[in-house]
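Read the structure below first, then the notes.
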Amino acid sequence: MSVSSATRRGDGHTAAAAVLFLCLFAGQAGAIALAPVLAEVARDLEVSTAEVGQLRTVASLAAAVTALVLGRLAAGVALGRQLLGGALMLAIGALASAAAPGIALLAVAQVPVGSGIAVLTTAGTLAAAEWVPAERRAATLSWALIGQPAAWIVGMPLLGFVGERSWRYAWLVLPLTAALLAGAALVGRGRTPRASTTPPRMGAALAVPGIRRWLAAELLANTAWAGTLVYAGALFVESYEASPALAGGVLAGGAVAYVTGNLAFRPFAEHEPRRLLSGLSIGLAVATALFGIVRPSLGASAALFSFAAFCAGGRTLLASAYGLSAPQEVRAAAVALRAAAMQFSYFTGSFTAGAALAVGGYGAFGATIGALFLAAALVLGRAATGDERSRTAPARLRLAHISIWR
């Protein structure tokens, strides 16, 4: 009896992790759908590449707004139903994007894409805490978060391949298919417990000094990492005359390193992670600064990028675990605020890194990215006051029981 019960419980944990993996995979698939086919979209719709690039900004802003209002609008709705709605929005956005006759309607289609990404990311992270017992949360969260780099590893070559025929196929092959797979997996979870009927308390979450500092560090770190990802491929191409295929292979290798970092730091998610988060941020500051400033060879730059990705994978897991360790009454608000900050960082990261690159080349790019990561480390590393220790004590106690980037 006990053996079979344990087996069922284990199966339940595995099923939850698989469903959440698909949800975050689908969300990331929507986020990267345009990346390899920007030039093709521009040629087909007879607009500039820069104009097409702004479509990602539209999706990011839609995602940020959705993350902020999601909890209030979805209070009392089971997380499984929220995720199913997110998958449906992404599927609608992917279909509309594939069918868009011009840039204006393609921009409109990015609104449901961005909203679907926000729902899948926010509710998917919360579900890792709500769907499994406390002792299984770290493992479930870790496997769920691997869905994001997995979408990069699988999606980039696939999008590039089908995009050679038409950029419209890219929307159908990856985001639409991923959304449908996630939706099919979620149909069987319709009986999951209902979410709290009390809307998330954004103000209460921000009143906790530890949460404020964590959110500030997340905005800085994710701005830096978004900027790194936007221009890393161009650095390999322009610094070493690497082919797009070779640059894509190096970036995929970085995604593998990201997954490795996630798995390597999983055991530490059960403990108070602030010092580790600070240490990983410092490691990222050094690696990304050197990545831009010192470029002796393709192999050296690839190694620096992979090391940075390894640190980013561990940092994302620990940061997500920290958010899920917040007191129950502010947890949903903290996760929603972080999701909004992450989506907004796509805009701030692209702008900041692009401005630095325009002003001082890749040296200034690396110095700027490194400074942002260093600032994130300093924000987290400040000694907590006695008042903060007392106010964040429940969160730290929960961390002992809980046992997360982009």
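The values are calculated or read from the model by the stated rules, or taken from the named source; none is laboratory data. This structure is a prediction, so every number in the text was calculated from the model and none was measured. Please note: Cβ atoms are built from the backbone with ideal geometry, for glycine as well, and neighbour counts cover all protein chains shown.
Brief remarks on what is shown
- Where a residue in region 35-50 is on the phi < 0 side of the Ramachandran plot and charged (D, E, K, R) and its partner, wherever it lies, is part of a helix (DSSP H, G or I) and at pLDDT 75 or above, with Cβ under 7 Å and at least six apart: 40/163; 40/167; 44/167
- A single entry from 97, 48, 2 fulfils the requirement of being over 19 Å from the mean Cα position of the chain (by Cα), polar (S, T, N, Q) and modelled with pLDDT of 90 or more: 97.
Table: residues versus (1) assigned to a helix (DSSP H, G or I); (2) within 21 Å of the chain's Cα centre (by Cα); (3) of a type outside the set (Val, Ile, Thr); (4) in the same structural domain as residue 155 (by TED's automatic domain parsing).
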residue: 236; (1), (2), (3), (4): yes, no, yes, no
residue: 248; (1), (2), (3), (4): yes, yes, yes, no
residue: 260; (1), (2), (3), (4): yes, yes, no, no
residue: 263; (1), (2), (3), (4): yes, yes, yes, no
residue: 272; (1), (2), (3), (4): no, no, yes, no
residue: 281; (1), (2), (3), (4): yes, yes, yes, no
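- Yes/no for residue 97 being over 22 Å from residue 318 (Cβ atoms), crowded, with 19+ Cβ neighbours inside 10 Å, touching a helix residue (DSSP H, G or I) at 6+ places or on another chain (Cβ under 6 Å) and among the hydroxyl-bearing types (Ser, Thr, Tyr): yes
- Flag for residue 253 being out of contact with any Leu (no Cβ under 7 Å at 6 or more places or on another chain), surrounded by fewer than 24 Cβ atoms within 10 Å (Cβ to Cβ) and outside the structural domain of residue 160 (by TED's automatic domain parsing): yes
- One residue alone among 288, 348 is farther than 24 Å from residue 24 by Cα, out of contact with any Leu (no Cβ under 7 Å at 6 or more places or on another chain) and hydroxyl-bearing (Ser, Thr, Tyr), and that residue is 288.
For every residue, the table says whether it meets (1) surrounded by fewer than 24 Cβ atoms within 10 Å (Cβ to Cβ); (2) in a helix (DSSP H, G or I); (3) among the aromatic types (Phe, Trp, Tyr).
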| site | (1), (2), (3) |
| --- | --- |
| 307 | yes, yes, yes |
| 310 | no, yes, yes |
| 313 | no, yes, no |
| 320 | no, yes, no |
| 339 | no, yes, no |
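- Residue satisfying condition, being under 14 Å from residue 217 (Cβ atoms), crowded, with 23+ Cβ neighbours inside 10 Å and not assigned by TED's automatic domain parsing to the domain that holds residue 152, within set 285, 332: 285
- Per-region count, region 204-231, residues out of contact with any Ser or Thr (no Cβ under 9 Å at 6 or more places or on another chain) and either surrounded by 23 or more Cβ atoms within 10 Å (Cβ to Cβ) or not small (Gly, Ala, Ser) (or both): 7
- Residue satisfying condition, being farther than 25 Å from residue 14 by Cβ and assigned to a loop (DSSP other than H, G, I, E, B), within set 93, 114, 76: 76
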